[in-house]
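Accompanying notes for the structure given below.
Nothing in this text is a laboratory measurement; each read-out follows from the coordinates by a stated rule. Note that the structure is predicted; figures quoted are calculated from it, not measured. Backbone-built Cβ (ideal geometry, glycine too); neighbour counts: all protein chains shown.
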Amino acid sequence: MYAPDGATLNALKGSNIEFVLDVPNANLQSLSADYSAAVQWVQNNVVAYSSDVKFRYISVGNEVDPNTDAAQYVNYVLPAMQNVYKALEAANLQGQIKVSTAAYMGLIGVSYPPANGAFKDNVKSFIQPIISFLVQNNAPLLANIYPYFARIGDPSSVPLDYALFTGQPNGAYTNLFDAMLDAFYSAVESEGGSNVEIVVSESGWPSAGGADASVANAQTYYSNLISHVKGTAGTPKRPGKAIETYLFAMFDEDEKPGAETEKHFGLFTPDKQPKYPLTFN
């Protein structure tokens, strides 16, 4: 949930559904500057529902990056995380709900080979203190992993079948998702986070609107992703366990600005009709 919404939170009561709640980027400055504002935010949006709603993570900011328009939020992420954590601690919820932030592949300067994964030089001073916070509080880093964007960004080097989990192995890797995730792991390890788990907070494939965006490719990607992450193969760097992963997105966002593909990542259309069958069993 990318911002608190009372109707949705009420609908989740008693459902036993665990979920991630975002602190929107626009709220980072106020929560970083004023602990009492963080207390109020946590009281209104978490504590008020915590007896009946299962919060799993609070993501303090989404895809904040020194190299994009979101650079204006860089100095607010860590202090906002610290204040939100302290507010959860004051409510005795710090053991139930982990505080993190959602990063993305745009922060990575070296992604291949995955063992050499590293953050961009001008990202390190931003991300390293965040990783230290995660280590200290035994929390995961949330990461948005999209093989689709890697594929359309360099189609001559990224075969479609490799991005869709249907290709031949590339060395130790049988799919691009694992290679991207392990590059992220390597980057986090190099900044002192050798024990930090990575939760894939977004991954998906559009069904229309651009190159390689089709219903068939989207169904193939989501079906194979579900099968892969719920198994115990893991990745070459972190083998032997399932990969906690969240699909993007539940519904098409038909009014979303930007590239046409951004409107077509939903598993369902805006009128709640499924685009294709998926099974999570």
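In order along region 61-71, the Karplus-derived 3J(HN,Hα) couplings, from 6.51 cos²θ - 1.76 cosθ + 1.60 at θ = phi - 60°, round to x, 9, 6, 6, 8, x, 9, 10, 4, 7, 4 Hz, and Gly and Pro are given as x. How many percent of all Cα-Cα pairs in region 138-278 sit more than 28 Å apart? Of all Cα-Cα distances in region 138-278, 19 percent exceed 28 Å. Once both labels are positioned 7 Å from their Cα atoms along Cα-to-Cβ, the gap between N138 and S156 label points is 5.0 nm. From the list (1) 1.12; (2) 1.02; (3) 0.95, can you say which value of Rg/Rh (Cα atoms, Kirkwood Rh) was derived from the structure given? Of the listed options (1) 1.12; (2) 1.02; (3) 0.95, (3) comes from this structure.
R0 = 45 Å: FRET efficiency of Q168 with E262, Cβ-based, nearest 0.05? With R0 = 45 Å, the Cβ-Cβ based efficiency is 0.90. Bridging of K263 to aspartates and glutamates at a Cα separation below 18 Å is possible for E202, D212, D252, E253, D254, E255, D271, once same-chain residues fewer than 8 apart are set aside. Annotation: amide H-H contacts under 5 Å for V99 (H modelled 1.01 Å from N, sequence separation of 5 or more, or interchain): I58. Of all lysines in the structure, the ones whose alpha carbon falls short of 27 Å from that of K237, not counting any fewer than 8 places away in one chain, are K98, K120, K124.
Listed values for region 265-278 are Karplus-derived 3J(HN,Hα) couplings in whole Hz (6.51 cos²θ - 1.76 cosθ + 1.60, θ = phi - 60°), namely 8, x, 6, 10, 6, x, 8, 6, 8, x, 7, 6, x, 9, and x replaces Gly and Pro.
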